[in-house]
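Visitor: Before I ask anything, let me first share the structure, which is written out below as structure tokens.
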Amino acid sequence: NRALMDEWYRHPTYDAYWRDEDCSLHFDRMNVPCFTVGSWYDFMNQGSLMSFAGRQHRGGPGSRGRQQLLVGPWLHGGLPKSNAIGELVYPENARFDTQEHMLRWFDHWLKDVDNGIMDEPPVSVFTLGENRWQHLEDWPPPAMREARWYLHSEGAAATAHGDGTLSTVPPGDEASDRFTYDPADPVPTLGGNNLIIDMGVKDQRPVEERPDVLVFTSEPLQAPLETTGPVRVELWASSSAVDTDFTAKLVDVRPDGYAMNLLDGIIRARYRNSASSPEPMEPGRPYRFEIDLWATSNVFLAGHRIRLEISSSNFPRFDRNLNTGAPFGEGAAGVVARQEVFHDRLRPSAVVLPIIPR
């Protein structure tokens, strides 16, 4: 709908137009039980998780404590007919009879059938890696503990063949990493929770060959590490441009080298402090950015490695930033941005993982 798109372009910031549409501001007016179904590779999954938590804890009397959440390993729309999401083929136990559960749900709330459905844990998530269902008392999981895995290098982290590493040891005095972002040659989207191309799981090694992708990889894990919950990246970076993007991608690297994408995210620099009040950057000045990667449930198995990719584009999953600071939707010609990523004692960049103790 062109008219609707034009209207959206007229509201590039989080203003009254978007606040009127933001259901998270009105959970207290919601008074209905709800069974929410999401998927780890669904482009709307963040909304599913936030809606469940908002209604469960901040909803009206008819909502609070009357929510259930199911998150599977699928794409948007729930369980597919096949056992594949992109290149990942999951086992039969990933299947969940959502229709049967919905019938029980409606029987309970609409027909007063005492079928025990509200005695069950409110949250069920499928955990990748170990390929099992977990039943939790809340989301995010009460047992979750945040752990920072810090970026390290000697200034040559570009491509998977560089010297970028991840560890729980905070950085000392380290060289920064530099790369060039050209909006005329963006990093192509390869899998993920997008609605355009290559949905689901894809091997990330092709994009990790690009010089505009910084790659930070842990040592092989000695024991399984479960990450269930929200993930974010705390990134210190600067740019030669007045506005640009920084992207991040969380990857599970198998012993054979296959790089399985789990999550991705982006921050537009002008909105680093507020979605309502954009601020240009001062070229060359370091800023702290927070990149929301949404959430996952994945066990990095023993022998696997944790990987984080940092770049400035993921197209067409995310629109290209032309680096000019022009209003959203205006301008066709971009400028090249020279990016610098810092990871030292005073500017410790890290990915913050939701660890479940074992």
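Visitor: Quick one: in the range 134-156, which of the residues that are aliphatic (A, V, I, L, M) and closer than 30 Å to D119 by Cβ is nearest to the chain's Cα centre (by Cα)?
Guide: M144
Visitor: Then there's this: Quick one: how many residues across the range 36-48 are within 21 Å of R104 (Cβ to Cβ) and open to solvent by less than 30 Å² (accessible area, probe 1.4 Å)?
Guide: Total meeting the criteria: 4.
Visitor: Name the pairs: first residue in the range 25-52 and in a strand (DSSP E or B), second residue open to solvent by 60 Å² or more (accessible area, probe 1.4 Å), Cβ to Cβ under 7 Å, at least 6 apart or on different chains?
Guide: Note: pairs meeting the criteria are F35/M102; S39/H76; Y41/M199.
Visitor: Only one of P61, P33 is over 24 Å from L75 (Cβ atoms) and surrounded by 15 or more Cβ atoms within 10 Å (Cβ to Cβ); which?
Guide: P33
Visitor: Determine whether the range 69-87 contains at least one residue that is free of Cβ contacts under 8 Å to residues at least 60 places away in the same chain and either among the aromatic types (F, W, Y) or touching a Cys at 6+ places or on another chain (Cβ under 7 Å) (or both).
Guide: yes
Visitor: Check R270 against each of (1) more than 22 Å from the chain's Cα centre (by Cα); (2) farther than 28 Å from V71 by Cβ; (3) basic (K, R) and name the one condition it does not meet.
Guide: With (1) more than 22 Å from the chain's Cα centre (by Cα); (2) farther than 28 Å from V71 by Cβ; (3) basic (K, R) applied to R270, the lone miss is (1).
Visitor: Please state which of the following conditions P121 fails to meet, knowing it meets all the rest: (1) assigned to a loop (DSSP other than H, G, I, E, B); (2) under 23 Å from the mean Cα position of the chain (by Cα).
Guide: (2)
Visitor: Are any residues in the range 18-29 open to solvent by less than 50 Å² (accessible area, probe 1.4 Å) and either at pLDDT 95 or above or within 19 Å of W139 (Cβ to Cβ) (or both), and if so, which ones?
Guide: Those that are open to solvent by less than 50 Å² (accessible area, probe 1.4 Å) and either at pLDDT 95 or above or within 19 Å of W139 (Cβ to Cβ) (or both): S24, F27.
Visitor: Please pick out the residue among V233, V242 that is outside any strand (DSSP E or B), of a type outside the set (F, W, Y) and either open to solvent by 10 Å² or more (accessible area, probe 1.4 Å) or farther than 14 Å from H304 by Cβ (or both).
Guide: Checking each option against the conditions leaves just V242.
Visitor: Identify, from the list G257, G200, G229, the residue that is at positive phi and touching a Pro at 6+ places or on another chain (Cβ under 7 Å).
Guide: The conditions single out G229.
Visitor: Quickly run through the range 194-204 and pick out the residues that are buried (at least 16 other Cβ atoms within 10 Å of the Cβ) and either outside any strand (DSSP E or B) or at pLDDT below 95 (or both).
Guide: If the condition is that a residue be buried (at least 16 other Cβ atoms within 10 Å of the Cβ) and either outside any strand (DSSP E or B) or at pLDDT below 95 (or both), then N194, D198, M199, G200, V201, K202, Q204 are the ones that fit.
Visitor: Further question on the same structure: If you scan the range 163-193, which residues turn out to be assigned to a strand (DSSP E or B) and of a type outside the set (A, V, I, L, M)?
Guide: T165, S167, D177, R178, F179, T180, Y181, P188, G192
Visitor: Any chance you could count how many residues in the range 86-133 are open to solvent by less than 80 Å² (accessible area, probe 1.4 Å), of a type in the set (S, T, N, Q) and out of contact with any strand residue (DSSP E or B) (no Cβ under 9 Å at 6 or more places or on another chain)?
Guide: The total comes to 1.
The values are calculated or read from the model by the stated rules, or taken from the named source; none is laboratory data. Remember, predicted model here, so these are calculated numbers, not experimental data. Methodologically, a virtual Cβ is constructed for each residue, glycine included, from the backbone with ideal geometry; neighbour enumeration extends over all protein chains shown. All accessible areas refer to the heavy atoms of the entire protein, side chains included, with ligands and DNA or RNA removed. Shrake-Rupley method; radii C 1.70, N 1.55, O 1.52, S 1.80 Å.
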